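A short reminder: the numbers here are calculations on the coordinates, not readings from a lab. All of these numbers come straight from a predicted model, not from anything done at the bench. Heads up, the Cβs are rebuilt from the backbone with ideal geometry, glycines too, and the neighbour counts pull from every protein chain shown.
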Amino acid sequence: MKIAVLKEGGAETRVAAIPETVKKFAGLGAAVAVEKGAGEPASISDADFEAAGATTGTRADILKDADLILCVMGPEPGTLKGAKQGALLVGVLDPVRRGEDVAAYAAAGLEAMAMEWMPRITRAQSMDILSSQSNLAGYKAVVDAGSLYGRAFPMMMTAAGTVHPAKAFVMGVGVAGLQAIATARRMGAQVSATDVRSATREQILSLGAKPIFVEGVAGIEGEGKGGYASETSAEYQAAQAELVSGHIAKQDIVITTALIPGRPAPRLISDAQVATMRPGSVIVDLAAEAGGNVEGSKPGETVEVDGVKIIGPANLPSQMAGNASALYAKNLQNLVELLIDDEGNLKVDTEDEVIAGALLTKDGEIVNERAKEAAS
Ligand code: NAD
């Protein structure tokens, strides 16, 4: 079996394999071919990959006879010319926004699997790129907020006077939010957090932060369906807006991470609420690319409103290319181990719910219902 690892384009700095995963693939009997320069943005040289047992070459060299093609972001279909019929492409293929590309992969006879559509079941946790990358994004959001905040996070008692601790508020306590709470706590801030899912209250407390929850109006019981939130009632949204208004004016740092699968991100902070914050405060809207939790945030930009800086990060994991690549590559390795049979051949078992959930195309057709809708 031959595995090809693509070099990413544009601003993407991550790479889909690291020397450790190359060694692992070689141990499974696979030949690994890495596109020249693929690891450079993540500080991994071609020589590092070669020392781990890979060959390096041009896109055409590595695609020739490859059974499995690994990438981070889905490549332009035209750049995969020369890939063999039935080769399996695995990466973040963004089927909802890039339906035409998925249709083109199918037309080119490629099988395509979207890592972000891996079902969130216990068995698939080690392949869950949403978790591995969101965790890093939650960390980086707090570090970036700290670097723009013109003050310190921890309390400091000095001969010249006391520095008061920063107050940080995390909205949305999923994977990114939990890491944001932990990071802000480690940096010495006083942290509070909120979510619509009632199960997160205990998690917030266990990290030493203060839960701020709407009382008297039902939110989402327990974990929510599959661990995810759904839209809340108008009554809940009004109560949440009031709660936030009272709390946010006292905060120095706000990190928002709230997402609802299949819907635009919920609006949690209005311009009027931003205006109540002290100038110099910093908001990081991790949902900026999904429509934004914060009015006025712009993906890929930092804007200033009434003296408050609002960071709208775009692809934060890519700013931590070393760790993000290592975790992503490990997620892929765990998937590849599931895809290789005892004889060392690639076997895409469509009966397996982990594979079926993420598989988009097969035998020249789009086989996933959600992907079909997006492509039409
Ligand atoms: P997410 O990125 O979809 O959303 C982030 C958070 O925003 C969630 O906690 C959500 O409840 C919250 N949110 C949505 N609307 C909100 C609103 N209006 N106000 C405040 N908060 C709001 O979530 P995620 O980080 O991907 O994960 C959520 C949960 O999924 C995890 O905590 C975990 O329980 C579960 N999970 C399971 C697996 C697995 O079993 N393989 C893997 C990862 C996560």
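Within the set of other residues whose C-beta is less than 14 Å from the C-beta of residue 273, count the net charge using Lys and Arg as +1 and Asp and Glu as -1. Present the calculation step by step, with values, prior to reporting the outcome.
On the way: positive: 250, 267, 278; negative: 242, 271, 285, 295, 306.
Once all neighbours under 14 Å are counted, the net charge is -2.
If packing is taken as the average count of other Cβ atoms within 10 Å, what order do 86-92, 266-272, 154-160 fall into, highest mean first? Kindly include the intermediate steps, with their values, before the conclusion.
Values: 86-92: 21.6, 266-272: 17.9, 154-160: 9.3.
Sorting 86-92, 266-272, 154-160 by mean packing, highest first, produces 86-92, 266-272, 154-160.
Kindly identify segment 313-376 as rounded, prolate or oblate by the Cα gyration tensor criterion: order the square roots of the eigenvalues as a ≥ b ≥ c, call it rounded if a/c is under 1.5, otherwise compare a/b with b/c, prolate if a/b is larger, else oblate. It would help to have the intermediate numbers written out before the result.
Working: a/c = 3.07, a/b = 1.21, b/c = 2.54.
It comes out oblate by the Cα gyration axes.
Grab the other residues whose beta carbon is less than 13 angstrom from that of residue 92, score K and R as +1, D and E as -1, and report the net. Spell out each step's value before the answer.
Working: positive: 14, 97, 98; negative: 8, 12, 94, 101, 116, 128, 289.
With Lys, Arg at +1 and Asp, Glu at -1, the net is -4.
So what's the net charge close to residue 217: Lys and Arg +1, Asp and Glu -1, counting the other residues with Cβ under 12 Å from its Cβ? List each step's numbers first, then the result.
Details: positive: none; negative: 215, 235, 242.
Spelling it out: positives minus negatives among the neighbours equals -3.
Return the single residue from 242, 343, 223 with maximal mean-square fluctuation; model: Gaussian network over the chain, springs between Cα atoms under 10 Å.
So, out of 242, 343, 223, the one fluctuating most is 343.
Rounded, prolate or oblate, given the Cα gyration tensor of segment 161-246, with a/c below 1.5 counting as rounded?
Details: a/c = 2.75, a/b = 1.58, b/c = 1.75.
In terms of gyration-tensor shape, oblate.
What residue among 182, 160, 69 has its Cα farthest toward the positive end of the dipole of the chain, where the charges are +1 on Lys, Arg and -1 on Asp, Glu, each on the Cβ?
160
Output the peptides 228-238, 138-148, 122-132, 244-254 sorted from most to least packed, where packing is the average of other Cβ atoms within 10 Å over each peptide's residues. Intermediate results must be reported in sequence, preceding the final value.
Details: 228-238: 14.4, 138-148: 20.9, 122-132: 17.1, 244-254: 18.9.
The packing order, highest mean first, is 138-148, 244-254, 122-132, 228-238.
Of the cross-linked pairs 250/298; 36/347; 81/298; 140/210; 298/362, which ones have a Cα-Cα span greater than 32 Å in the structure shown?
Numbers: 250/298 24 Å; 36/347 28 Å; 81/298 36 Å; 140/210 21 Å; 298/362 37 Å.
In this structure, 81/298; 298/362 lie more than 32 Å apart at Cα.
Nearest 20 debye, what's the magnitude of the dipole of segment 12-133 about its Cα centre given +1 on Lys and Arg Cβ and -1 on Asp and Glu Cβ? Could the numbers behind the result be given before it?
Numbers: 12 positive and 17 negative charges, 53 e Å.
Magnitude of the dipole: close to 260 debye.
Under the rule of at least 5 residues apart or a separate chain, name every residue whose amide H is placed under 5 Å from the amide H of residue 72.
Placed amide hydrogens put 16 under 5 Å from residue 72.
About its Cα centre, how strong a charge dipole does the chain have in debye, to the nearest 20, once Lys and Arg get +1 and Asp and Glu get -1 at the Cβ?
Charge dipole of the chain: 1080 debye, to the nearest 20.
Give me the mean projected area, in nm² to one decimal, of the convex hull enclosing the Cα positions of the chain.
Working: hull surface 81.2 nm².
For the Cα atoms of the chain, the hull's average projected area reads 20.3 nm².
If you place +1 on the Cβ of every Lys and Arg, -1 on the Cβ of every Asp and Glu, and leave all else neutral, what size is the dipole of segment 115-213 about its Cα centre, to the nearest 20 Debye?
Here segment 115-213 has a charge dipole of around 200 debye.
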